[in-house]
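Inspection log for the structure reproduced underneath, given as structure tokens.
Where a number appears in this text, it was derived from the coordinates with a stated rule and is not lab data. Keep in mind the model is a prediction, meaning the values are calculated, not measured. Virtual Cβ from ideal backbone geometry, glycine too; neighbours counted across all protein chains shown.
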Amino acid sequence: MTMTRLVSMLGIAAMISFDCPAIEEAAVQAHQRELRNVDAGVKPMSLDQKKSLSRRSLQMWASDNSDNPDEAFSEGYVNHQESDAEGQVTSIDLDGWKEVVRDNHRAFSDFKVEILMQIAEGDLVATRWQFTATQTGVYLGHTPTDKRATWTGVQIDRFENGKIVESWVDWDKYRLFETLGFWTSENSCSTSQP
């Protein structure tokens, strides 16, 4: 039996031909996680439910949002930033993520979130988003500029047991920093004003 036929029988995808062993393995692992969830009595989420929860998690950045992150994210949640606001590649837990969101709420007012595109497959949802906000508080050591900025990014969420367990985030901090005037004369970003 070919892998294409086996995968089709398992319900992962229909008529897929795998040229890459890593993709093949990821698809099988995703299906195995779904089977474990069913065995544990957890009702599988539809792709639309996963997309909705990803949108909900991104809306938590909005100024007027009072949603509870514990309802969207698992206790062991990990957020991978590529790169974070300080320019480092980091991974933070749920408490760290909550603090980053709180810091942004203190630094920015009228924070709006727009979902531009979503794609879902298996236990993953990729969302392209756009944030728009006005810097009215201290951000990374910079005093308020009262400038309105718009920046975009992509977040990929992985689901288990009805919650987001892991996210990978890549965002255009350079556009944000340029708009806010955070660039130094050497055309690199500083994390505090001189």
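For the range 73-151, state what percent of all Cα-Cα pairs lands in each successive 5 Å bin, counting from 0 Å until the bin that includes the largest distance.
The distribution over the range 73-151 is 3, 13, 17, 23, 24, 13, 5, 2, 0, given as percents.
Pull out the extension gain between Ser109 and Tyr174, defined as 0.36 nm times the separation in residues minus the alpha carbon to alpha carbon distance; nm, one decimal.
So the extension gain works out to 21.4 nm.
Under the definition of Cα pairs under 8 Å and six or more residues apart, what whole-number percent is the relative contact order of the range 45-180?
Working: 270 pairs, mean separation 34.7, N = 136.
This gives 26 percent for the range 45-180.
Using only the Cα atoms of the range 45-180, what are the Rg and Dmax in Å?
My reading of the Cα-based Rg and Dmax gives 14.4, 44 Å.
So, R0 is 25 Å and r is the distance between the beta-carbons of Asp95 and Thr152; what FRET efficiency does that work out to, to 0.05?
0.40
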